[in-house]
Amino acid sequence: MTFTSADLLTVYLDAGERRKVGRLALRQRQILFEYDPAFVASGIEISPLKLPLNTGVVTTPDMIFDGLYGVFNDSLPDGWGRLLLDRTVQKHGVRRGQLSVLDRLAFVGRNGMGALSYEPDRSRDAGDDVPLALDRLAEESAIMLAGETEEVFEELLRLNGSSAGARPKIVAQVSANKSKIVHGHATLKPGFEHWMIKFASSQDPRDMGPIEYAYSLMAKEAGVDVPETYLFRTRKRGYFGVKRFDRRGGKRIHMHSLSGVIHADHRVPALDYNLILRVVLVLTRNIAEAEKAYALACFNVLAHNRDDHAKNFSFLLDDAYSWVFAPAYDLTFSDGPGGEQSSMVMGEGRNPGVEQLKALGKEHSLKNAPRILAKVQTAVSRWRHHAAAAGVTAKSTKEIAGRIGAA
């Protein structure tokens, strides 16, 4: 690999018609951005709060994302994906310290989440139709996390895209009957859809896949807006899969995380659902979208999903270029920093509950809040039913039931 630093990138929006958004440049350790005049004239706001449409060169006043605007930072891999990229370039003699954020965006290229893409494109696409063996990929992911081999880095990087999160995962194309899984970045094959499939990390229980699948079933019953999910079962274990909501068939959809929208560092838990709902209302101007966010707040609190940080909420730009609250993702039993909820509820982080959730609904005048809360409570009380449907072990079922108060 011959490495040349990317000091200038062209940004495109590939949602349907491909539009040139503007240019990113690195000058004297400062990142500059300028919208393309034609894109300004289009009126399409890709990041209305922090990067509104204006002419001229701009820089962000904060360094939360190393000087990058949040909307572009959303394209970068985090956790697992960053580890893969770092180890891959190191294998080719490039020190990870040599990579600027623009270099990393160039490696994302056209294979990132959402609809933004970057040129020059240094991504590497595995555009073949070879079926993927989930057990083999899971084993290779575990070996790679242990730092024992360099042989599988590049394949896993191609399969990862720029998906965020710490757990190993791949993006793939999955057939309608779920029997075939192939590489995910190439042009969508007829009869296939874009999915993301997760593997367990070294800290996860062996039945992590079934647990997350059970949580998706429970969330659906609770009325939370969740994408289609599936448990891909093999002879060895079950792997949780979720249909990508930033893809509709072969079309890409612009996605913006809450972290990127308001420039909130997801590594520093400082959010409150009160603020989250305010942002939802400001961005979507739709009370129904706020109710979707409220249902998610109720579920995260009552189901003990405490890893509800700023990157675990997102927004989508629909076909009319209006913002909607994205379907829920990364729903599973988890502890937050210090055992607290990553996102507080009306100022309570250590032990938020029904009282704070009721106050949250009243604060935002959500008339349907009592009904939404009651529906979530009923679904969570049926944890054992969902766990049995997903094949969660008796040990995990009992432990989680004890923590969430399910009979």
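Considering only DSSP beta bridges with both partners in the chain, what is the antiparallel share in %, to the nearest 5?
Of the beta bridges lying entirely in the chain, close to 95 percent run antiparallel.
Quick one: compute the contact order of segment 204-246, relative version, from alpha carbon pairs under 8 angstrom and 6+ residues apart, as a percent.
Rounded, it is 38 percent for segment 204-246.
Take Val279, Val268, Val224 and order them by how many other Cβ atoms sit within 10 Å, fewest up front.
Ordered from fewest to most neighbouring Cβ atoms within 10 Å, Val279, Val268, Val224 come out as Val268, Val279, Val224.
With N residues in segment 1-51, what two-decimal value do you get for its Cα radius of gyration over 2.2 N^0.38 Å?
In units of the 2.2 N^0.38 Å rule of thumb, it is 1.33.
Given segment 254-385, what percent of its DSSP beta bridges are antiparallel, to the nearest 5?
80
So for each of 60-66, 71-77 I average, over its residues, the number of other beta carbons within 10 Å; can you give me the resulting order with the highest mean first?
So the peptides 60-66, 71-77, ranked by packing, come out 71-77, 60-66.
For a quick protection proxy, order the peptides 237-248, 39-50 by their average other-Cβ count within 10 Å, most packed first.
By packing density, highest mean first, the sequence is 237-248, 39-50.
For the chain, what does the relative contact order come out to in percent, with C-alpha contacts under 8 Å and a separation of six or more?
With pairs under 8 Å counted, the relative contact order is 14 percent.
Using a cut-off of 14 Å between beta-carbons, work out the net charge of the residues near Ala293 (Lys and Arg +1, Asp and Glu -1, Ala293 not included).
Counting the neighbours of Ala293, the net charge comes to -3.
For Tyr213, Tyr35, what's the fewest-to-most ordering of other Cβ within 10 Å of each Cβ?
Lowest count first: Tyr35, Tyr213.
Charges at C-beta only: +1 for Lys and Arg, -1 for Asp and Glu. How large is the resulting dipole of the chain about its Cα centre, in Debye rounded to 20?
In total the dipole reaches around 800 debye.
Arrange Trp323, Trp383 by Cβ neighbour counts within 10 Å, fewest through most, would you?
By the 10 Å Cβ count, ascending: Trp323, Trp383.
Relative contact order for segment 254-385: what is it in percent, counting Cα pairs under 8 Å that are at least 6 residues apart?
29
What whole number of Å gives the distance from the Cα centroid of segment 17-70 to the Cα centroid of segment 202-261?
So the two Cα centres are separated by 31 Å.
Can you give the FRET efficiency to the nearest 0.05 for Glu221 and Asn54, using r as the Cβ-Cβ distance and R₀ = 51 Å?
0.65
Readers should treat all values here as calculations from the given coordinates under stated rules, not as data from a laboratory. Computed from a predicted structure; not experimentally measured. Backbone-built Cβ (ideal geometry, glycine too); neighbour counts: all protein chains shown.
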